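Report on one structure; see the data block that follows.
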Amino acid sequence: MKGNRGRNRELSNTTVIKKQHKAPVLFVCGNGRMDAVMLQGEMSLGRRTDQNNVTIDLREKFVSRRHGFFQCGVEGCWFVDTSSANGTYWNGIRLKSDSKVMLNNGDVLQIYNGRAGAEEFVTMIYATDYPDEYVVEALELRGDMAEINIGRSGNRHILMESGGVSANHASFFTAEKGWAIVDHNSTNGVYLNNQRILQPRYLQAGDCVRITNLCFVYTGFSLIYQKPVQKQEAHEKKAVSFPDMPLDIRITERSVWQRAKKLMLLQDINMTINSGEMVLILGGSGAGKTTFMNAVMGYEKAEGKITHGGTDIYEDFESMKYKIGFVPQQDLLRGSDTVYSTIENAAQMKLPTSVKRNERSQRIEKVLETLGLSRERDSLVSKLSGGQRKRLSIAVEYISDPSLFFLDEPDSGLDGIMAKALMTNLRTIADEGKIVMVISHGPDRAAELFDKVIVLAKSVRDNCGHLAFFGTVKEAHAFFETNSLEGVVKRINREDEGGDGLSDFYIQKYAGRIMGAK
């Protein structure tokens with residue numbers, strides 16, 4: 001793909017593509033268009049000639065005849081660069097020849113004519129999540145343009161009528177060194193070459209920006225992007241949306257004084273969690289999981305700043321505490337009360353006095369239904385099973401409709417089936433636009449329900465808790481080189497606790513990853 005404005009006629013074509021089935025797809029962007037290739041089995045990648053036959057033919061002369069291959073099976077898809085001349089970049093990092101990498105949804109593979117960012121390139125996006133129907137469109141980036149705004153509503157340059165796209169999601173804009181991308185505190189974030197951006201980032205030719213499951217490829221003079229096609233019946237339904245209320249966590253340190261000596265508990269923890277996300281908090285022994293949760297809720301203030309939707313939790317704690325729900329390990333339920341009366345008493349104490357009796361009753365019924373307690377409404381608390389009692393503890397906090405929900409080991413003492421059912425209830429709450437954060441010692445029982453995972457590790461070097469990872473569950477598996485979340489904890493636990501004793505290694509590895517992304 002060359003930076004030649006004479007090719008704009010070719011870029012203006014719009015093509016409707018329908019997904020045939022949910023299978024791994026490779027979106028190939030080059031020569032002014034974006035094609036979709038279904039991946040299965042082993043498929044070779046390269047430049048086809050009379051003497052050389054490949055499954056995926058890229059045609060560009062700077063692509064080697066036998067550039068690499070994909071290997072897909074029940075465990076996922078792998079890619080191998082077979083000692084190509086110009087190499088392959090994986091999420092911005094050049095792969096070593098013959099090295100094998102497992103691909104995750106949204107991963108970006110790039111081939112350049114020479115150095116990275118050259119005007120001639122092929123960009124390939126590996127996806128297992130993509131819209132059922134979409135069109136491929138192109139937008140020329142003219143010299144008189146200063147900003148291209150993307151969102152779900154309003155007067156946007158690129159209007160994306162998709163539930164995962166925020167009303168004012170992101171913008172491409174021109175700056176001193178060229179075009180850049182910025183995230184406007186969106187719910188689902190913006191990913192540049194499959195790395196979430198936390199601040200504006202400059203673009204180079206071949207870069208892929210991903211918004212929800214939609215791809216935008218920057219060519220240097222245009223944007224080639226996917227735009228979802230709405231089915232007719234979708235337009236007839238009333239869209240349900242929630243306000244973008246991100247939880248921004250910036251903890252410099254959390255410390256206590258013991259015998260006139262400062263004891264550091266947590267240090268340098270920074271992240272943003274978006275509305276509708278269910279987040280797992282993992283950590284090695286003594287890493288400070290509960291300390292972290294208390295600091296975020298404002299119960300034990302740390303040095304730093306915690307904001308929710310722009311409101312400072314520390315400075316406005318008196319008003320914010322009514323938006324926070326917290327379920328501790330041990331409940332304070334009275335065994336002689338019924339399930340309904342327990343929730344009704346909580347509603348009388350926690351709902352504003354302006355809420356009318358019929359509205360309060362409707363809220364109680366909704367909470368009973370959401371947490372699967374409708375059939376137990378008249379049962380005594382003392383007669384409930386362990387799982388039902390846990391759900392009732394959640395209901396007591398959920399009745400006030402908090403926007404932030406924290407739970408300390410809610411699945412403790414439950415078997416696998418009951419724990420999974422409980423986590424499914426919490427997933428339903430998160431899907432209502434709440435932020436749900438959970439500490440759990442049985443994380444793999446419902447790993448697929450979590451959007452993100454926070455990993456805290458206690459450093460041997462300074463005996464303090466640090467952030468060792470923040471990202472999706474799949475990303476955590478890859479980062480810690482394990483196929484389970486319990487394996488993640490094993491990596492960072494001390495050797496005398498049955499762990500691998502690698503806490504400082506992963507703390508430094510994650511710190512280096514963050515610095516490299518800036």
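The values are calculated or read from the model by the stated rules, or taken from the named source; none is laboratory data. Worth saying up front: this structure is predicted, and the values here are computed from it rather than measured. In this analysis, Cβ positions are derived from the backbone assuming ideal geometry, glycine residues included, and neighbour counts consider all displayed protein chains. Heads up: the accessible areas ignore ligands, DNA and RNA and are worked out on the full protein's heavy atoms, side chains in. Shrake-Rupley method; radii C 1.70, N 1.55, O 1.52, S 1.80 Å.
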Yes/no for L373 being aliphatic (A, V, I, L, M), closer than 28 Å to E277 by Cβ and touching a residue at least 40 places away in the same chain (Cβ under 8 Å) | no
For the subset of the range 33-57 comprising residues that are among the basic types (K, R) and assigned to a loop (DSSP other than H, G, I, E, B), which member is nearest to F79 (Cα to Cα)?
-> R47
Mind listing just one residue for me: the one in the range 29-42 that is crowded, with 19+ Cβ neighbours inside 10 Å and of a type outside the set (G, A, S) and, of those, farthest from M124 (Cα to Cα)?
-> L39
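Counting only residues that are charged (D, E, K, R), free of Cβ contacts under 8 Å to residues at least 12 places away in the same chain and not in a helix (DSSP H, G or I), which one in the range 274-320 is most open to solvent (accessible area, probe 1.4 Å)? It would help to see each step written out before you state the result.
Going residue by residue through the range 274-320, those that are charged (D, E, K, R) are 277, 289, 300-301, 303, 305, 312, 315-316, 318.
Checking which are free of Cβ contacts under 8 Å to residues at least 12 places away in the same chain leaves us with 312, 315-316, 318.
Still in the running and not in a helix (DSSP H, G or I): 312, 315-316.
Numbers: D312: 16, E315: 150, D316: 66 Å².
Among residues in the range 274-320 that are charged (D, E, K, R), free of Cβ contacts under 8 Å to residues at least 12 places away in the same chain and not in a helix (DSSP H, G or I), the one most open to solvent (accessible area, probe 1.4 Å) is E315.
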Can you name every residue in the range 357-381 that is among the hydrophobic types (A, V, I, L, M, F, W, C) and either under 21 Å from E409 (Cα atoms) or within 30 Å of the chain's Cα centre (by Cα) (or both)?
-> V367, L368, L371, L373, V381
Output the strands (runs of 3 or more DSSP E) that fall wholly within the range 112-151 and possess 3 or more residues being buried (at least 22 other Cβ atoms within 10 Å of the Cβ), or say none.
-> 121-127
If you go through the range 382-425 one residue at a time, how many are farther than 25 Å from M349 by Cβ, within 24 Å of the chain's Cα centre (by Cα), open to solvent by 20 Å² or more (accessible area, probe 1.4 Å) and not hydrophobic (A, V, I, L, M, F, W, C)?
-> 2
Any residue in the range 440-459 that is of a type in the set (G, A, S), touching a Phe, Trp or Tyr at 6+ places or on another chain (Cβ under 8 Å) and without any contact (Cβ under 8 Å) to a residue 24 or more places away in the chain?
-> no
Inside the range 420-441, can you point out the residues that are assigned to a helix (DSSP H, G or I), among the aliphatic types (A, V, I, L, M) and modelled with pLDDT of 85 or more?
-> L422, M423, L426, I429, A430
Give the range 254-274 a look and list any residue that's aliphatic (A, V, I, L, M) and in contact with a Lys or Arg (Cβ under 6 Å, 6 or more places away or on another chain), or say none.
-> L265, L266
Do we find that L333 is touching a residue at least 60 places away in the same chain (Cβ under 8 Å), over 34 Å from the mean Cα position of the chain (by Cα) and either over 17 Å from M437 (Cα atoms) or loosely packed, with under 14 Cβ neighbours inside 10 Å (or both) in this structure?
-> yes
